[in-house]
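Let me begin by presenting the structure, written as structure tokens, before commenting on it.
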Amino acid sequence: MLKIAKERLNDLYAKINESMGLFIPIKKAGEVNYHVWGEGKEVSLETLKTVKSPKNMFFPQSENMMKFKTEGKNIEIIDVRDEKRPFVLFGVKPCDYKAIEVLDKVFLADPVDSYYQSRREATTIVTLACSKPEESCFCKVFGIDATAAYGDVTTWLDDENLYWQANTEKGEALTALLKGLLEEGGEAEVAAQQEATKAIIDNLPFSNLDLSRFKPENLNELFDDPAWAEMSEACLGCGTCTFVCPTCQCFDIRDFKTSEGVIRYRCWDSCMYSDFTLMAHGNSRTTQMQRFRQRFMHKLVYYPSQNDGLYSCVGCGRCVNKCPQRLNIVKVIKTLGGKNND
């Protein structure tokens with residue numbers, strides 16, 4: 001294990017930035033999100049949850065896909081993609097890293113999404129283990145160890161040092177670039193932090209939610225449960241939960257006409273919207289209850305049944321914090337889950 005003094009982190013960022021792009025949590029206009037690092041920017045590794053998850057780095061909220069130019073009956077298709085320069089995504093929390101695994105199973109399965117793939121291949125992910133989880137966190141429910149090693153490099157941060165452990169070939173290559181900045185040591189400090197953090201997690205209010213009822217064999221029973229109507233009654237259909245969620249992957253594709261041709265772009269969409277999957281004949285889910293049920297059935301039943309038990313929720317707690325009506329996945333699990341949620 002290696003370490004670097006906290007006051008020298010700016011030197012670490014600068015060294016990475018010499019060879020690769022660096023995206024890191026930065027405070028801007030009062031909010032913390034992933035931005036390009038630069039001298040003088042306010043890095044905030046201490047922030048537990050960025051407003052947008054790092055999925056935005058691989059699956060942007062909006063991106064141009066191609067352009068069309070027409071002349072008579074002739075159509076010219078223009079590829080707008082650039083070759084992706086290698087970059088480092090720094091400070092990814094374990095829950096958000098697990099969410100990338102969920103997205104990988106969607107976008108890297110056949111047929112592969114080449115837009116997503118090019119960004120993933122260009123990225124070296126440096127995770128940052130949690131040391132101060134919040135009451136809204138429940139990653140433990142989904143088998144995630146917030147103190148463990150994930151990503152190409154895992155880091156741990158305390159009041160004095162950043163501790164560094166390379167896990168993959170990409171991680172080793174990045175570590176080699178930082179030779180001279182990192183020094184040996186830190187095993188005892190990391191072990192102590194891990195023990196203390198696990199004790200906090202064990203006592204968080206949502207750490208022992210019971211998922212035992214959410215199984216494929218219970219699909220029809222769960223689908224027909226009358227509790228959906230009451231739970232969804234106050235849902236505004238605002239889509240906030242889907243936009244802050246690190247695993248939601250729904251998108252729409254649209255064309256926009258300009259003076260220089262047509263731009264085709266895709267943007268995030270939400271299963272909570274009344275026009276989601278709208279077709280010529282109408283929409284197959286016509287009520288907010290049906291849309292509400294679809295969102296949580298997908299995360300807790302449909303997705304894991306098709307992906308070896310991997311849930312499409314990582315317990316980050318963003319929806320717990322952001323839903324204006326407090327209609328989050330914790331409420332669904334408590335209402336429809338196992339007996340231990342009573």
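A short reminder: the numbers here are calculations on the coordinates, not readings from a lab. As the structure is a computational prediction, the values presented were derived from the model and not from experiment. With ideal geometry, Cβ positions are generated from the backbone for all residues, glycine too; neighbour counts draw on all protein chains shown.
For the residue pair residue 177 and residue 238, what label-to-label distance in nm results when each label sits 7 Å from Cα along the Cα-to-beta-carbon direction?
3.9 nm
For residue 88, what residues show an amide H to amide H distance below 5 Å, using hydrogens built from the backbone and excluding near sequence neighbours?
21, 22, 23, 124
Near residue 67, which lysines are there with a Cα under 23 Å away, not counting those fewer than 8 places off in the same chain?
Once the sequence-local lysines are set aside, what remains near residue 67 is 84, 257.
Based on the inverse mean of 1/r over its pairs of different Cα atoms, what is the Kirkwood hydrodynamic radius of segment 216-341, in Å?
Result for segment 216-341, one decimal place: 16.0 Å.
In what order do 75, 200 fall by count of nearby beta-carbon atoms within 10 Å, going from fewest to most? Can you show the working numbers first?
On the way: 75 11, 200 17.
In order of increasing Cβ crowding within 10 Å: 75, 200.
Expressed as a fraction of 2.2 N^0.38 Å, the rule-of-thumb size for a compact globular protein of N residues, what is the C-alpha radius of gyration of segment 175-230?
Normalised by 2.2 N^0.38 Å, the Cα Rg of segment 175-230 equals 2.20.
Would you order 267, 130 from fewest to most other beta-carbon atoms within 10 Å of each residue's own beta-carbon?
If I rank by nearby Cβ atoms, fewest first, I get 267, 130.
On alpha-carbon atoms, Rg over Rh for segment 22-140 using Kirkwood Rh?
Rounded to two decimals, Rg over Rh is 1.07.
Please report how far the C-alpha centroid of segment 140-209 lies from that of segment 212-271, rounded to the nearest whole angstrom.
Result: 33 Å between the Cα centres.
Which of the aspartates and glutamates could be linked to residue 140 by a straight reach, that is with a Cα gap under 20 Å, when you skip same-chain ones fewer than 8 residues away?
Cross-link targets: 96, 101, 195, 202, 210, 308, 342.
Pop the C-beta distance of residue 210 and residue 184 into the FRET formula with R0 = 41 Å and round what comes out to the nearest 0.05.
After rounding to 0.05, the efficiency reads 0.40.
At 222 nm, what helix-only mean residue ellipticity would the chain give, in deg cm²/dmol to the nearest 500, using -39500 (n - 2.57) for each DSSP H run of four or more?
Calculated mean residue ellipticity at 222 nm is -8000 deg cm²/dmol.
Using only the alpha-carbon atoms of segment 85-140, report the extent along each of the three principal axes, biggest first, to the nearest angstrom.
Computed over segment 85-140, the largest-to-smallest principal extents equal 39, 23, 11 Å.
Just to verify a number: FRET efficiency for residue 202 and residue 302, C-beta to C-beta distance, R0 = 30 Å, to 0.05?
On the way: r = 30 Å, r/R0 = 1.00.
Efficiency for this residue pair is about 0.50.
Only Lys, Arg, Asp and Glu count, each charged at its Cβ (+1, +1, -1, -1), so figure out the dipole size of segment 215-297 about its Cα centre, rounded to 20 debye.
Once rounded to the nearest 20, the dipole reads 340 debye.
Return the distance in nm (one decimal) between the two label points of a simple spin-label model at residue 39 and residue 254, each offset 7 Å from Cα along Cα→Cβ.
Rounded to a tenth, the inter-label distance reads 4.1 nm.
Please find the FRET efficiency linking residue 6 to residue 65, where r is the Cβ-Cβ separation and R0 is fixed at 41 Å, and quote it to the nearest 0.05.
0.50
Which one of 146, 107, 95 is farthest out on the positive end of the charge dipole of the chain, using unit charges on Cβ (Lys, Arg +1; Asp, Glu -1) and the Cα centre as origin?
Checking the options against the dipole of the chain, the answer is 107.
Segment 30-81: D in µm²/s via Stokes-Einstein (Kirkwood Rh, Cα pairs, 37 °C, 0.692 mPa s)?
Details: Rh = 14.5 Å.
D, rounded to a whole number, is 226 µm²/s.
Quick one: work out Rg over Rh on the C-alpha atoms of the chain, Rh as Kirkwood radius.
0.99
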